[in-house]
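See below for the structure under consideration.
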Amino acid sequence: MRQVFLIVFGVIFGVSVVALLFTYFQAQQERFALSADMQYRTRLLADSLNESIEPARQRNATSTLEKIATSFAGRERLLGVVIYDRQGNVIVKSKDVPEDVDVAKRIVEDAIKKDEPVGDFLVVDTMQLYVLAHPVHREEGPAGAFIVVQDASYIEESVAGQWRDSLLGVFIYILLFSVAIAALVRWVIFKPLTNLAEAIKSARAGRGRVSETQHGMFFRPLASEIGKLTHSLAQARTAASEEARMRLEKLDTPWTEERLKEFIKAYLKDRQIFVVSNREPYIHTRDGGEVAYSVPASGMVTALESVMAACGGTWIAHGSGSGDRETADQDGKIQVPPDDPKYMLKRIWLTGKEVKGYYTGFSNEALWPLCHIAHTRPAFRKEDWITYKRVNGLFAKTLLSELKGIERPLILVQDYHLALLPRMIKEARPDAQIGLFWHIPWPSAEAFSICPWRKEILDGMLGSDIIGFHTQQFCNNFIETVGKEVESLIDLEQFAITRDEHITRIKPFPISISFTDAMHEKEAEAPTRASLEALNITTEFVGLGVDRLDYTKGILERLRGVEFFLDAHPEYAHKFTFLQIAPISRGESETYQQFAQSVEKEVSRINTKFSARGGSAFGGKRNGWQPIVLQTRHFSHAELRPLYRLAHACLVTSLHDGMNLVAKEFVAARDDEAGVLILSKFTGASRDFDRGAIIVNPYSAEEVAESIHQALLMPKPEQHRRMKMMRNSIRDYNVYRWAAEFIKAVAALR
Ligand code: F6P
């Protein structure tokens, strides 16, 4: 609509300027014509008056002169006459002539001097006058003069009237013109264009085709060409779908987005999928006048986004971005991905107080450290727990209203923020099939027993039909915890828990990434070092770490490992840089703020230590080398990919981690089958990559240092052998297979 206004405004502006210029010239002409007419008529009158005045002056007949002055007054625009003697003194004056007409004396003197009529326009007492002075003669010579005074204000009135009429005309014209242009642009251009864009969008999403006849005369040729294009697209899609259906039969082929789509179609028929999580997959942020969106750094989002893009459905999550409200409709709904909509995101709005208690407080300062054995003490605050319960209730209410009229909905609840949700939903909708996936570790029963509200949490989770963890170990821990804490019947053969006649199955589903996306990258050109140089990294060897700035990720331990490595192998000074990408995470929490400060301090300490040595121990070279480069901004997947491909080693040294998808993303990005993964033994990923990665204990700086050395010296064939093994493992078990297995397990239950 803004464009329509701009066009209308532009046209109106242009037309108005032309119309005003035209009126101006017309007014000038009118003024000139009226003035000339008045001068001419006054001159005629003066000449005829002179014939009566001169004889009377000859006779010094003042009474005759007075009669003349009286009879020539107040006629139409004629104000009267004034007769002067030779010295310029008034002899007689018509009564309507203003007193201040003395200003006309200059004209009288001029006329007497030149001995010919002289006229001019004057303003007297704000009155516009035209004064013509005519010399009067006697036999003995000049005998003075008389002036004829005309009221000339009608000239300006007439010009003003002309301006008024003209401006009124322009205004009416502008009004009609604007309406006409707005209607024209809106209905002939804008509306068909929007319809065309909508039709293309639907065609792209596989809903219908672009028809040539529905898009207005102007756009018919364009619509025709696009129609052909979308037809080819639909054909290609059908072919791919057929191929996927055929592949579905042969289970040894890799899972792809298409195959998952076909699987969902065949398996769920028309049943709808609902994902519920705290973190949303697309965050809109307002920065000044602009609203932009980003995909948050989150393993859960990385995995579920590919699944939803393949299956469609509704994803309910907290709308946490500053631009979220204005980009969603009044129900908080928005189709995403924003550039290529495939499913519905419904945002839930929370107050600052709710976020503080439910997210920062109970989820991240109680449950997160409770489940991760990273030696950070959980903070159990009653008020956080109360808010956590209330917000879980809010999510439940929102989900239940979305489920109205939908039979046997399939619900995939994500993570520890929503532990109470499954029970709330199950009680209201026993027909719903609920899968809860716990993206973080589950600790031992002993460790979990310190939580004051452990029984309510376990009861909430047991409202699910299936609870998925990344590893068998976490499943074992959970079964053991339930056995210890709540009354239930545990079937260790089926890994099932019966509580109040409801059965919950516990199963490992090691999450992964969409390996096929990474495979497409193979077609792309090999990355240049430009992305490293942009970060000021010019050394021959590069180590890489990519994590949210979280104390469970073992970043400090990793930095100490790098320090040990450079201490033990000074020959790598100026040759090795460690790049740590660590976007700020959970910045509202004091624990995270302090952790961020410790990382920055540690980076600066190590950099200072080695740059000081650069002067002496390394031949006095000071080329600005910094052994550690820390980036705390968010890097998109597209920005990370070349960095993954350029790194000689990727370090994942989590102190405890459910899975860790960075390890898998690094492997997926390495289509050159080179590079080395250094992986903590405390990650879920170490189960899949135990033979491909160098497995380390992150608590041992010596071990991490040695693994870096080993990685940099590793011969290429050995790198290929390991990388190939790891790539095969994620090719075989990617996120599409994870989703298919999880969804199948949930939907298969009666
Ligand atoms: O991967 C584990 C996880 O808790 C995700 O569930 C979560 O989205 C992610 O870490 C990032 O944390 P946050 O959502 O608090 O930024």
On each of the three principal axes the extent of the alpha-carbon atoms of segment 530-733, given in whole Å and largest first, is 51, 44, 33
For segment 444-589, what is the largest minus smallest coordinate of the Cα atoms on each principal axis, given in angstrom and ordered from greatest to least? 64, 39, 33
Test of understanding: extend the Cα→C-beta vector of L535 to 7 Å, then name every residue of segment 638-657 with backbone N under 14 Å from that spot. 638-652
Arranged from highest to lowest average of other beta-carbon atoms within 10 Å per residue, in what order do the peptides 724-733, 114-123 appear? 724-733, 114-123
Measure up K346/K426; K356/K455; K333/K404 against 19 Å on the Cα-Cα distance and list the ones that go over. K346/K426; K356/K455
Once amide H atoms are placed 1.01 Å from N in the peptide plane, what residues at a sequence separation of 5 or more from V276, or on another chain, have their amide H within under 5 Å of its amide H? I316, L412, V413, Q414
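Given a Förster distance of 56 angstrom, what is the FRET efficiency for E156 paired with R204, based on the Cβ-Cβ distance and rounded to 0.05?
Working: r = 67 Å, r/R0 = 1.19.
Efficiency computed from Cβ-Cβ geometry: 0.25.
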Which lysines have a Cα less than 26 Å from the Cα of K105, not counting those fewer than 8 places away in the same chain? K67, K93, K95, K113, K114
Can you give me the P(r) profile for segment 12-62? Cα pairs, bins 5 angstrom wide beginning at 0, each as a whole percent. 4, 17, 12, 10, 11, 8, 8, 7, 6, 5, 4, 4, 2, 1
Where the centre of each part is set by its Cα atoms, how far does segment 278-312 sit from segment 123-169, in angstrom? 80
Could you sort out which of K507/K716; K228/K265; K265/K681; K201/K269; K269/K397; K609/K664 sit more than 30 Å apart by Cα distance in this structure? K507/K716; K265/K681; K609/K664
The FRET efficiency for E480 and S700, from their Cβ-Cβ distance with R0 = 25 Å and rounded to 0.05, is 0.30
Rounded to 5, the percent of DSSP beta bridges in segment 443-564 classed as antiparallel: 65
Of the listed peptides 634-647, 397-410, 676-689, what is their order by residue-averaged count of other C-beta atoms within 10 Å, with the highest listed first? 676-689, 634-647, 397-410
So which DSSP H runs in the chain come out at 27 Å plus along the axis (Cα) with average Kyte-Doolittle of at least 1.0? 153-184
Considering only C-alpha atoms, what is the centroid distance from segment 678-750 to segment 442-515, in Å? 25
What order do you get for 80-86, 668-674 when each peptide is scored by the mean count of other beta carbon atoms within 10 Å, highest first? 80-86, 668-674
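Return the ratio Rg/(2.2 N^0.38 Å) for segment 2-157, where Rg is computed over Cα atoms only. Each step should come with its number before you reach the end.
On the way: Rg = 21.8 Å, N = 156, 2.2 N^0.38 = 15.0 Å.
Cα-based Rg divided by the globular estimate yields 1.45.
Jot down the per residue volume, in cubic angstrom and as a whole number, of the convex hull over the alpha-carbon atoms of segment 418-481.
Details: hull volume 4.8 nm³, N = 64.
Enclosed volume per residue, from the Cα hull, is 75 Å³.
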List the residues whose amide H sits under 5 Å from the amide H of G545, counting only those 5 or more places along or on another chain, with H placed 1.01 Å from N in the peptide plane. L579, Q580, I581, L651
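As an exercise, use a Förster radius of 45 Å and the Cβ-Cβ distance of R41 and L176 to find the FRET efficiency, rounded to the nearest 0.05.
Values: r = 41 Å, r/R0 = 0.91.
After rounding to 0.05, the efficiency reads 0.65.
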If I model a spin label at A183 and S444 as a point 7 Å from the Cα along the Cα→Cβ vector, what separation in nanometres do I get? 8.2
Picking from T471, N536, I107, whose Cα lies most toward the positive end of the charge dipole for the chain (charges on Cβ: Lys, Arg +1; Asp, Glu -1)? T471
One can check that the equivalent ellipsoid of segment 317-463, built from the alpha-carbon gyration tensor with semi-axes equal to the square roots of five times its eigenvalues, has lengths in Å, largest first, of 27, 19, 14
Expected output is a single nm value to one decimal: the length gained when fully extending between H709 and E427, i.e. 0.36 nm times separation in residues minus the C-alpha distance. What is it? 95.9 nm
Equivalent-ellipsoid semi-axes (√(5λ), Cα gyration tensor) for segment 270-329, whole Å, largest first? 23, 13, 10
Phi-based couplings in Hz for segment 692-700 (Karplus 6.51, -1.76, 1.60; Gly and Pro marked x): x, 8, 8, 8, 10, 9, x, 6, 9
For segment 396-451, the dipole about the Cα centre with charges only on Cβ (Lys and Arg +1, Asp and Glu -1), to the nearest 20 debye, works out at 200
With the dipole of the chain worked out from charges on the C-beta (+1 for Lys and Arg, -1 for Asp and Glu) around the Cα centre, which of M38, G169, P508 lies farthest toward the positive end? P508
Segment R408-D115, extension gain: residue separation times 0.36 nm, minus the distance between their alpha carbons: 94.0 nm
Any idea what diffusion coefficient segment 262-508 gets from Stokes-Einstein, in µm²/s, Kirkwood Rh on alpha carbon pairs, 10 °C, 1.306 mPa s? 85
Over the chain, what number does the Rg to Rh ratio reach, with both radii from the alpha-carbon atoms and Rh per Kirkwood? 1.35
Under 5 Å between amide hydrogens, which residues at least 5 positions from G554 or on another chain qualify, with H placed 1.01 Å from N in the peptide plane? L655
How much of the accessible area of the chain, probe 1.4 Å, is carbon plus sulfur, in whole percent? 54
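Can you tell me the alpha carbon radius of gyration of segment 114-200 divided by the globular rule-of-thumb value 2.2 N^0.38 Å? Walk me through the numbers on the way to the answer.
On the way: Rg = 30.2 Å, N = 87, 2.2 N^0.38 = 12.0 Å.
Cα Rg divided by the expected 2.2 N^0.38 Å: 2.52.
Over the chain, average the accessible area per residue using a 1.4 Å probe and give it in Å², no decimals. Could the numbers behind the result be given before it?
Numbers: 35280 Å² over 750 residues.
In whole numbers, the chain has 47 Å² accessible per residue.
Using 0.36 nm per residue of separation minus the Cα-Cα distance, give me the extension gain between S16 and R381 in nm, one decimal. Before the final figure, lay out each step's value.
Working: separation 365, 0.36 × 365 = 131.40 nm, distance 6.94 nm.
So the chain would gain 124.5 nm between S16 and R381.
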With Cβ to Cβ distances under 12 Å as the rule, what net charge do the other residues near V603 carry (K, R +1; D, E -1)? +2
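Give the percent of DSSP beta bridges with both residues in the chain that are antiparallel, rounded to the nearest 5. Can you show the working numbers first?
Values: 42 of 86 bridges.
Here the antiparallel bridges make up roughly 50 percent for the chain.
The values are calculated or read from the model by the stated rules, or taken from the named source; none is laboratory data. What you see is a predicted model; the values in this text were computed from it and never measured. With ideal geometry, Cβ positions are generated from the backbone for all residues, glycine too; neighbour counts draw on all protein chains shown. Ligands, DNA and RNA are excluded from the accessible area calculation, which covers all protein heavy atoms including side chains. Shrake-Rupley method; radii C 1.70, N 1.55, O 1.52, S 1.80 Å.
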